[in-house]
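The values are calculated or read from the model by the stated rules, or taken from the named source; none is laboratory data. Values in this document were obtained by computation on a predicted structure and should not be read as measured data. Glycine also receives a Cβ, built like all others from the backbone with ideal geometry; neighbour counts cover every protein chain displayed.
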Amino acid sequence: MGIDSLSSKSPDKVLFTDRFFVEMLLQNKEIPIHIDLPGDRGYDLAFSPLQALPAKMRDAGLRPGKCLVITDTNVAAHYRNPLVAVLTSDGWDPFVLALPPGEETKSTAHLNAIYNAALSWNIDRKTPVIALGGGVIGDLAGFAASTLLRGLPFVQVPTSLIAQVDSAIGGKTGINHAEGKNLIGAFHQPQLVLIDTKLLYTLPRREWTSGLAEVVKHALINDEAFFAWIEAEMRQIVARDPRVVPDLVYRAAAIKAAVVSEDEFEQGKRALLNFGHTFGHAIEKSFGYGVFTHGEAVNMGMKAAVFMSRRFNRKLDQARALNILSQIAIPTVPVSIGISEIRMAMATDKKKVLDRNHFVLLRRIGEAYVTHDVTVSDIDAAIAFALGRP
């Protein structure tokens with residue numbers, strides 16, 4: 001993979017195109033990462049403190065007025081008052097809606113709660129929706145923004161590791177359905193993503209460790225050098241050492257930004273970001289949302305994908321990949337759900353094409369590919385391996 005600095009093309013930003021990738025650990029993390037999209041729809045990932053949000057919103061073309069802040073009660077306990085203070089000091093009039101935490105909040109009921117609050121407050125088409133929270137709040141608030149008045153400006157302020165490196169970047173929004181996760185949604189790009197890594201220190205330990213799965217995923221599919229760095233720093237990463245967290249988040253977010261810039265609507269390379277997710281979503285659904293976090297399910301899904309990859313490529317360094325994944329804690333897996341039930345849950349995967357599940361596998365650490373050429377026995381063996389069953 002080539003490494004080139006594009007600072008000569010955009011001196012005040014790090015710009016990604018479909019042919020270049022910047023070595024993030026050598027960059028000044030005060031420089032925003034810019035996602036380059038057609039039609040002047042690009043936007044910045046601004047690595048700045050929460051207090052800088054009003055200034056960054058102005059930079060993104062948003063002017064003070066009403067704004068709708070969507071959060072959950074856990075996040076609100078820490079950051080509602082500071083956010084309201086910085087917004088009002090800059091002339092904004094924020095309306096804050098704090099919803100229950102958890103995957104169950106990505107529902108039509110809570111989507112309607114946002115609609116009701118927004119419409120009764122007499123919003124207009126310039127009223128931005130600000131998502132203050134993790135992936136659930138970002139997905140839900142983003143979908144509300146995409147549909148209210150046929151589209152409102154959207155700002156992401158992610159507070160979880162998964163959101164800062166993955167779900168807040170790229171414009172995927174949506175809610176869950178009884179048939180499966182994220183089956184109702186839309187692409188609606190934000191105008192700004194503000195990433196403050198200091199917000200990660202109020203996360204419960206389980207939320208931190210589960211978020212590490214998405215970071216490792218980015219390295220496994222796209223960046224062997226980053227994976228090697230993770231191997232070297234894994235103890236400090238798990239411990240949330242402030243000396244490594246900013247580098248970890250910046251580099252992982254940069255990988256996602258590069259992929260989105262190349263493939264906004266998941267027609268090609270962006271599909272590689274689903275590594276572990278075909279298995280993971282089925283595991284999450286089969287055991288019931290809440291038994292495992294999204295990151296924990298993806299961790300198991302990646303173990304399954306690594307195992308399947310090794311079946312097709314005996315040269316893959318399976319032990320090296322699994323060693324890192326095994327250092328990310330997951331709860332004990334209940335025996336109540338059978339392998340065939342998880343396989344059947346894949347039938348509702350929204351990423352199916354022509355009634356076939358597509359699996360992202362590894363050629364090597366740092367390089368992935370998509371295939372549908374797998375058998376039922378391949379799938380069952382991979383699930384059994386991931387669940388630790390003979």
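Descriptive notes on the structure:
- Residue check for T278: closer than 23 Å to Q164 by Cα and touching a Phe, Trp or Tyr at 6+ places or on another chain (Cβ under 7 Å): yes
- Residues that are under 25 Å from the mean Cα position of the chain (by Cα) and at pLDDT 95 or above were ranked within segment 85-103; the one that is surrounded by the fewest Cβ atoms within 10 Å (Cβ to Cβ) is P100.
Residues are listed down the side, and each one gets a yes or a no for (1) in contact (Cβ under 8 Å) with a residue 60 or more places away in the chain; (2) touching a His at 6+ places or on another chain (Cβ under 6 Å):
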{"site": "A329", "(1), (2)": "yes, no"}
{"site": "V333", "(1), (2)": "no, no"}
{"site": "M346", "(1), (2)": "yes, no"}
{"site": "H358", "(1), (2)": "yes, yes"}
{"site": "A384", "(1), (2)": "no, no"}
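- Taken over segment 60-73, the criterion of being farther than 30 Å from E104 by Cα and in contact with a Pro (Cβ under 9 Å, 6 or more places away or on another chain) is satisfied by A60, G61, L62, P64, G65.
- D36 of a type outside the set (S, T, Y), crowded, with 17+ Cβ neighbours inside 10 Å and at pLDDT 85 or above: yes
- Of the criteria (1) of a type in the set (G, A, S); (2) surrounded by fewer than 24 Cβ atoms within 10 Å (Cβ to Cβ); (3) part of a strand (DSSP E or B), which one A225 fails: (3)
- Considering only residues in segment 186-214 that are touching a His at 6+ places or on another chain (Cβ under 9 Å) and among the aliphatic types (A, V, I, L, M), the one that is surrounded by the fewest Cβ atoms within 10 Å (Cβ to Cβ) turns out to be L199.
- Options V259, V298, V306: the member that is in contact with a Leu (Cβ under 7 Å, 6 or more places away or on another chain), within 17 Å of F385 (Cα to Cα), among the β-branched types (V, I, T) and crowded, with 19+ Cβ neighbours inside 10 Å: V306
- Members of segment 307-327 found to be in contact (Cβ under 8 Å) with a residue 24 or more places away in the chain, touching a Phe, Trp or Tyr at 6+ places or on another chain (Cβ under 9 Å) and under 22 Å from L161 (Cβ atoms), listed by number: A321, I324
- Residue ranges of strands (runs of 3 or more DSSP E) in segment 27-76 with at least 3 members over 22 Å from D124 (Cβ atoms) and under 20 Å from the mean Cα position of the chain (by Cα): 33-35, 43-47
- Qualifying residue in segment 338-356 (condition: under 23 Å from R270 (Cβ atoms), in the same structural domain as A213 (by TED's automatic domain parsing) and modelled with pLDDT of 95 or more): no
- Given (1) among the aliphatic types (A, V, I, L, M); (2) surrounded by fewer than 17 Cβ atoms within 10 Å (Cβ to Cβ); (3) in a helix (DSSP H, G or I), number of the condition V291 does not satisfy: (3)
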